[in-house]
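The values are calculated or read from the model by the stated rules, or taken from the named source; none is laboratory data. The shown structure was predicted, so the numbers you read here are calculated from the model rather than taken from an experiment. Quick reminder, even Gly has a Cβ in these numbers, built from the backbone with ideal geometry, and neighbours come from all protein chains shown.
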Amino acid sequence: MSSIEGEQFSFFHGVERNFEKASRFTNISKGLLEEIKSCNSVLKVKFPVKLGEDIQVIEAFRVQHSHHHSPCKGGVRFSEDVNQDEVMALAALMTYKCAVVDVPFGGAKGGVKINPKNYSVSDLERITRRYTAELYKKNFIGPGIDVPAPDYGTSAREMSWILDTYRSLNPQDINASACVTGKPVTQGGINGRAEATGLGVFYGIREACSYEEDMAKIGLKPGVKGKEVVVQGLGNVGYHAANFLKYAGAKLVGLIEYEGGIYDPEGLDLDKVIEIRNATGSILNVDAPIKEENSTKALEWECDILIPAAKESVIHKENAGRIRAKIIGEAANGPLTPDADDILFEKNIMVIPDTYLNAGGVTVSYFEWLQNLSHIRFGRLEKRFTESRYHEIVSIAEDLSGKSVNEAARKLLRGPAEEDFVYSGLEETMVLAYKEVRDTFHAIEEVRDLRTAAYILAINRIGSSYTEFGIFP
Ligand code: NAD
């Protein structure tokens, strides 16, 4: 449970409310809906870690929300706000997210209740390794059981510790590298995973902005180019989403971190802002015409696209009425409460839901897991073959035409490498899933928003996997 404006709020109940709103538009039986909605397994552990001269007891969780596919999949969060309700909600969102983008995993999530900023690197390593050992003891990790990934407060570094610990406990498992994704590329990670969630956010926003009639309804022209964007949270997801949007021609007018936000109608230089923040410790040291010390207040800045990319429940019934964005792209998990959804609907603000928009991370994690299990890099077999075929075709064309291809064009003749497959696989996934969500939205007249449409799509997909294979026993 977390507190919003002094009131207790259950994130998990918020997810359940969204589920229930959507489930009445499906033909799935009451019992099966209950099974899809429930959290299947909840692990809560407290373990001691020797830090310096003393022992510290750390609280941690792993929740497997759904086993309709194996393994379960979901990130591990390091944050002092971690609690069971939050991890259950995040695990449930993983189930629906995987279903929306048709990635065959059940949903899971992990959380370690620490503020990583308060620990040295070697302390963090000890905590991560001990957490992994706890997961292993309780059968909550393994390539076919449950596969963690990075989330808020963790990165490739923590994933490499998880892998190493799991591997040392399972020296005989030739698939051990598939026990965790988001690893460094040198340890079985995949090129493109680090930026995958932010890239997926970009593809999703680009798709949403590409429909002229949808944009007209909120008073915008189609396309990302020229759109004014505010991003909250410049970590893994927020930074990469902002970067890809900038390359596509959007203008970053507002950037927000936990210590405050800066706004410049002429546009901000993302890398310079990060550089100054890293050097001085605060985004407020950047020279900008408008500064705001209250990071929540900064969400109210006027813009075309607002991207919350930090934590859940940042837009709620108290501040939703003051939001002035035309589109909200949910890069974070659960940044809007259900009450906020209702208020934003009345204000004609388009919400691109988390269950679709931030699925890029798990999609590329799926590619990484497949690559680990197949023990071969994407492109290794066909790269050179494809390249020589391109060259043969071009030389035949050159012979027939008597003209030769210039050097710049010749560079395009290279065969596809791992990153090319990852980017194109992710783009295809995000484009197709947006179309499916949008088609679901248009197919049912009473459905008012894309979130409900995404849930309907997910519930139907999960439901059909049960009816196809039956429930044991
Ligand atoms: P991160 O730890 O890399 O970055 C989070 C950033 O948000 C940090 O820079 C932090 O300082 C900032 N922040 C914290 N509180 C803030 C506040 N009140 N206002 C402004 N900024 C604040 O985490 P991340 O991996 O980028 O995850 C961000 C969100 O995206 C989370 O909700 C996470 O669950 C979700 N998500 C992450 C992934 C992934 O692949 N990492 C995938 C899907 C969803």
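Brief remarks on what is shown
- If you go through region 120-169 and keep only what is within 16 Å of the ligand (Cβ to nearest atom), under 20 Å from the mean Cα position of the chain (by Cα) and not hydrophobic (A, V, I, L, M, F, W, C), you end up with Pro148, Pro150, Asp151, Tyr152, Gly153, Thr154, Ser155, Arg157, Glu158, Ser160.
- Test: Tyr211 is within 30 Å of Ala250 (Cα to Cα), surrounded by fewer than 23 Cβ atoms within 10 Å (Cβ to Cβ) and at pLDDT 95 or above: yes
- Whichever residue in region 308-322 is in contact with a helix residue (DSSP H, G or I) (Cβ under 6 Å, 6 or more places away or on another chain) and either in a strand (DSSP E or B) or touching a residue at least 24 places away in the same chain (Cβ under 8 Å) (or both) and, among such residues, is farthest from the ligand (Cβ to nearest atom): Gly321
- On the stretch given as region 323-339, residues that are of a type in the set (D, E, K, R) and either buried (at least 22 other Cβ atoms within 10 Å of the Cβ) or free of Cβ contacts under 8 Å to residues at least 12 places away in the same chain (or both) total 1.
- Residue count, region 173-188 (criterion: within 16 Å of the ligand (Cβ to nearest atom) and either in contact with an Asp or Glu (Cβ under 6 Å, 6 or more places away or on another chain) or assigned to a loop (DSSP other than H, G, I, E, B) (or both)): 5
- When residues in region 340-361 are screened for being within 12 Å of the ligand (Cβ to nearest atom) and either surrounded by fewer than 24 Cβ atoms within 10 Å (Cβ to Cβ) or part of a helix (DSSP H, G or I) (or both), 6 of them pass.
- Leading residue by the ranking (farthest from Ser295 (Cα to Cα)) among those in region 201-241 that are in a helix (DSSP H, G or I) and among the hydrophobic types (A, V, I, L, M, F, W, C): Ala216
- From the options Gly235, Gly189, Gly200, residue that is within 27 Å of Lys117 (Cα to Cα), touching a helix residue (DSSP H, G or I) at 6+ places or on another chain (Cβ under 7 Å) and of a type outside the set (Val, Ile, Thr): Gly189
- Going through (1) in contact with a helix residue (DSSP H, G or I) (Cβ under 8 Å, 6 or more places away or on another chain); (2) surrounded by fewer than 23 Cβ atoms within 10 Å (Cβ to Cβ); (3) at pLDDT 95 or above; (4) of a type in the set (Ser, Thr, Tyr) one by one, Ser41 falls short only on (1).
- Exactly one residue out of Lys117, Lys109 is under 22 Å from Lys44 (Cβ atoms), out of contact with any Pro (no Cβ under 8 Å at 6 or more places or on another chain), within 16 Å of the ligand (Cβ to nearest atom) and not aliphatic (A, V, I, L, M): that is Lys109.
- Among (1) of a type in the set (S, T, N, Q); (2) in a loop (DSSP other than H, G, I, E, B); (3) surrounded by 15 or more Cβ atoms within 10 Å (Cβ to Cβ), the one test that Asn27 misses: (3)
Every residue, every condition in (1) surrounded by fewer than 16 Cβ atoms within 10 Å (Cβ to Cβ); (2) in a helix (DSSP H, G or I); (3) within 16 Å of the ligand (Cβ to nearest atom); (4) not aliphatic (A, V, I, L, M), yes or no:
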| residue | (1), (2), (3), (4) |
| --- | --- |
| Thr363 | no, yes, yes, yes |
| Ile376 | yes, no, no, no |
| Gly379 | no, no, no, yes |
| Glu392 | yes, yes, no, yes |
| Ser395 | yes, yes, no, yes |
| Leu400 | yes, yes, no, no |
| Arg410 | yes, yes, no, yes |
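Condition check ((1) within 12 Å of the ligand (Cβ to nearest atom); (2) within 24 Å of the chain's Cα centre (by Cα); (3) at pLDDT 95 or above) across all residues:
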position: Val229; (1), (2), (3): no, yes, yes
position: Phe244; (1), (2), (3): no, yes, yes
position: Gly249; (1), (2), (3): no, yes, yes
position: Leu255; (1), (2), (3): yes, yes, yes
position: Glu259; (1), (2), (3): yes, yes, yes
position: Pro265; (1), (2), (3): no, no, yes
position: Asp287; (1), (2), (3): no, no, yes
position: Lys291; (1), (2), (3): no, no, yes
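- None of Ala433, Ala458, Ala417, Ala453 is in contact with a helix residue (DSSP H, G or I) (Cβ under 7 Å, 6 or more places away or on another chain), at pLDDT below 95 and surrounded by 14 or more Cβ atoms within 10 Å (Cβ to Cβ) except Ala417.
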